[in-house]
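**Student:** Just dropping this structure here.
The values are calculated or read from the model by the stated rules, or taken from the named source; none is laboratory data. In this text the structure is predicted, and so the values were computed from the model without any measurement. We place every Cβ from the backbone using ideal geometry, glycine too, and count neighbours over all the protein chains shown. Heads up: the accessible areas ignore ligands, DNA and RNA and are worked out on the full protein's heavy atoms, side chains in. Shrake-Rupley method; radii C 1.70, N 1.55, O 1.52, S 1.80 Å.
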Amino acid sequence: MFEKYKFTVVERFLKYVQIDTQSNPDSLKHPSTEKQKNLSSLLASELLSIGLKDVETDEYGYVYASIPANSHKKVPVICFCSHLDTAPDCSGTNVKPILHKDYKGINIILPDDSTQIISVENYPYLKTHIGHDIITASGQTLLGADDKSGIAIIMDMANYLMLHPEIKHGTIKILFTPDEEIGAGTVNLNLKKLDASVAYTLDGGEAGTLEDETFSADAVKITIEGVIAHPGYGKAKLVNAIKIVGEIAASLPKLDWSPETTDKRQGFVHPVQIEGIAEKASISFIIRDFETHKLAEYEDRLKSIAEKVLVNYPTSSMSFEVVEQYRNMKEVLQHYPNIIAYAEEAYSQAGLNVVKEPIRGGTDGSRLSFMGLPCPNLFTGMQAIHSKHEWIGVKDMKKAVEVLVLLSQIWEVHS
Ligand SMILES: [Zn+2]
């Protein structure tokens, strides 16, 4: 089915990564950076030239498009989605992608900064790409495979389907979103305009990985009001909120309950910020677990740890504030077993072993799922994301294009 196809994913990818689309967590605007729209408008014009319908970009930078159905069956409308922005953690300005043909299995020294070495020891997945082509940045920026690989894969899938009308499918929607990396990818999304019943994000790592589970997440802020007095005359009066907050931090369990001591399916409670003055200080936490009901258990335990510290400071007071952040997408996806089953079928038709791993974090897909658009995450091949070591194997990107084409067909076959 794909033997004779001339994939366009690599040339598209090399073009997209050279457009700076870094988002900015400190911006109050949508999109957070205007430059993300440079990629939006390029993609819109390419989608039009491939022959897609309803191609639209808006003031927020979203790109919407449709591949019209060519089947007479009633097929659910599926959507493929990737994000336009790159992470604020590492520069995305002046990215110079390098295509390493026929990779030999050696460490790669990046030419613009020889201290940046992509080593086989640190990235053993490189070994699966020996004899194939890989792409890296040049040493001074990230590559932007997260998530321009997803975009290039979706664009090539659209190109394939438009050139191969013999492959039957329902209406397929394409969505590119700004500001995913700063947690704002769905803020101005128009789900009504999108009008899909199922979506897949293309924002995952190794070939074969399929992610249908994320953390559930809350944030907690404990604020301590001390008692202030002139320090020269504070004896038996002054209660220092900074010291109380420090004591709370020191009372947290040391051997478990932390990101540095947990992995796989374990959750954690993680202090992320302390702020304050002697009179009033606060400590902020993120709370994570795959099982939502455990968050309340963690919060109760955290509260009692803090209250125990406060017992020694009867004139001080404490407030304990919980804010919901996001929820495990599995709670939604379990009600739509076909979404995962069809993806698994596409993977195995493409010759891949399915590896299902829970994401120890959140994705736009978890937000979309709870907004009413169930949305697991598929692989693109991206590795070492958000860093100068970021790289991607060409064969993984091509495999992902195949998966999307097969998946579009599978939804039609089962309808
Ligand atoms: Zn991403």
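**Student:** Would you please give the FRET efficiency between His293 and Lys4, computed as 1/(1 + (r/R0)^6) with r the Cβ-Cβ distance and R0 = 56 Å, to the nearest 0.05? Write down the numbers at each step before the final one.
**Tutor:** On the way: r = 53 Å, r/R0 = 0.94.
So the FRET efficiency works out to roughly 0.60.
**Student:** With N set to the number of residues, divide the alpha-carbon radius of gyration of region 40-101 by 2.2 N^0.38 Å and report two decimals. Mind dumping the intermediate values first?
**Tutor:** Details: Rg = 16.1 Å, N = 62, 2.2 N^0.38 = 10.6 Å.
Cα Rg divided by the expected 2.2 N^0.38 Å: 1.52.
**Student:** Sticking with this structure for a sec: Alpha carbon centre of region 90-145 versus region 5-31: separation in Å?
**Tutor:** What the calculation gives is 18 Å, centre to centre.
**Student:** Also, quick follow-up: In this model, which of Lys237/Lys303; Lys37/Lys356; Lys104/Lys330; Lys35/Lys101; Lys104/Lys173; Lys101/Lys330 are farther than 28 Å apart at the alpha-carbon?
**Tutor:** Values: Lys237/Lys303 25 Å; Lys37/Lys356 34 Å; Lys104/Lys330 40 Å; Lys35/Lys101 31 Å; Lys104/Lys173 39 Å; Lys101/Lys330 39 Å.
Too far apart for the 28 Å limit: Lys37/Lys356; Lys104/Lys330; Lys35/Lys101; Lys104/Lys173; Lys101/Lys330.
**Student:** Roughly speaking, to the nearest percent, how much of region 265-415's 1.4 Å accessible area is carbon and sulfur? Mind dumping the intermediate values first?
**Tutor:** Values: 3300 of 6650 Å².
Taking all protein chains in place, region 265-415 shows 50 percent carbon and sulfur surface.
**Student:** Oh, and also: Applying a 10 Å radius around every beta-carbon, put 156-166, 281-291, 104-114, 51-61 in order of their mean neighbour count, most first.
**Tutor:** Details: 156-166: 18.4, 281-291: 20.1, 104-114: 13.4, 51-61: 16.7.
Ranking the peptides 156-166, 281-291, 104-114, 51-61 by packing returns 281-291, 156-166, 51-61, 104-114.
**Student:** Continuing with this model, one more query. Using Stokes-Einstein with the Kirkwood hydrodynamic radius over Cα pairs, what translational diffusion coefficient do you get for region 365-415 at 37 °C and a viscosity of 0.692 mPa s, in µm²/s rounded to a whole number? Numbers along the way, then the final one.
**Tutor:** Working: Rh = 13.1 Å.
D, rounded to a whole number, is 250 µm²/s.
**Student:** Using the scaling law 2.2 N^0.38 Å as the reference, what is the normalised Cα Rg of the chain? Show your work: numbers first, answer last.
**Tutor:** Values: Rg = 24.2 Å, N = 415, 2.2 N^0.38 = 21.7 Å.
For the chain, the normalised Cα radius of gyration comes out at 1.11.
**Student:** Would you grab the residues whose amide H sits under 5 Å from the one on Ser387? Only those 5+ places off in sequence or on another chain, please, with H modelled 1.01 Å from N.
**Tutor:** Leu143
**Student:** Pairs of alpha-carbon atoms within less than 8 angstrom and 6+ residues apart define the contacts here; what relative contact order does region 27-131 have, in percent?
**Tutor:** Working: 75 pairs, mean separation 16.7, N = 105.
Result for region 27-131 is 16 percent.
**Student:** By per-residue mean of other Cβ atoms within 10 Å, what is the highest-first order of 375-384, 265-274?
**Tutor:** Numbers: 375-384: 25.8, 265-274: 15.8.
Output ranking for 375-384, 265-274: 375-384, 265-274.
**Student:** Same structure, new question: Over region 234-379, what is the relative contact order in whole percent, taking alpha-carbon pairs under 8 Å and six or more residues apart?
**Tutor:** Numbers: 145 pairs, mean separation 27.7, N = 146.
Value for region 234-379: 19 percent.
**Student:** Related question: What value, in deg cm²/dmol to 500, does the helix sum -39500 (n - 2.57) over DSSP H runs of n ≥ 4 give at 222 nm once divided by the residues of the chain?
**Tutor:** Numbers: 10 runs with 119 residues, N = 415.
The per-residue figure over the chain is -9000 deg cm²/dmol.
**Student:** Give me a comma-separated list of calculated 3J(HN,Hα) values for region 377-391, in order, Karplus coefficients 6.51, -1.76, 1.60 applied at θ = phi - 60°, integers in Hz, x for any Gly or Pro.
**Tutor:** Result, ordered by residue: 10, 9, 7, 10, x, 4, 9, 6, 5, 6, 9, 6, 7, 3, 8 Hz.
**Student:** So, by mean Cβ neighbours within 10 angstrom, what's the order for 320-333, 76-89 with the highest one leading?
**Tutor:** Details: 320-333: 17.6, 76-89: 23.5.
So the peptides 320-333, 76-89, ranked by packing, come out 76-89, 320-333.
**Student:** Suppose each label sits 7 Å from its Cα in the direction of the beta carbon; what would the Lys193-His230 distance come out to in nanometres?
**Tutor:** In this crude label model, Lys193 to His230 measures out at 6.3 nm.
**Student:** Another one. What is the sum of charges around Thr8, taking Lys and Arg as +1, Asp and Glu as -1, for the other residues whose C-beta is under 11 Å from the C-beta of Thr8? List each step's numbers first, then the result.
**Tutor:** On the way: positive: Lys6, Arg12, Lys15, Lys398; negative: Glu11, Glu46, Asp156.
In short, +1.
**Student:** So how long is each side of region 336-382 along the principal axes, counting just the alpha-carbon atoms, biggest first, in Å?
**Tutor:** Each principal axis gives a Cα extent; for region 336-382 these are 32, 24, 15 Å.
**Student:** A further question on this structure: Assuming R0 = 45 Å, what is the FRET efficiency of Asp58 and Asp102, from their Cβ-Cβ distance, to the nearest 0.05? Let's see the in-between values first.
**Tutor:** Numbers: r = 43 Å, r/R0 = 0.95.
About 0.60, to the nearest 0.05.
**Student:** Extending each Cα 7 Å along its Cβ direction at Asn338 and Ser119, get the distance between those two points in nm, one decimal.
**Tutor:** According to this spin-label approximation, the distance is 5.0 nm.
**Student:** Return the FRET efficiency for the residue pair Leu238, Leu28: r is the Cβ-Cβ distance, R0 is 41 Å, and the value is rounded to the nearest 0.05. Walk me through the intermediate numbers first.
**Tutor:** Numbers: r = 38 Å, r/R0 = 0.93.
So, using R0 = 41 Å, E works out to roughly 0.60.
**Student:** Here's something else I'd like to know. Taking 8 Å as the Cα distance limit and 6 or more residues as the minimum spacing, I'd like the relative contact order of the chain as a percentage.
**Tutor:** Working: 924 pairs, mean separation 95.8, N = 415.
Here the relative contact order equals 23 percent.
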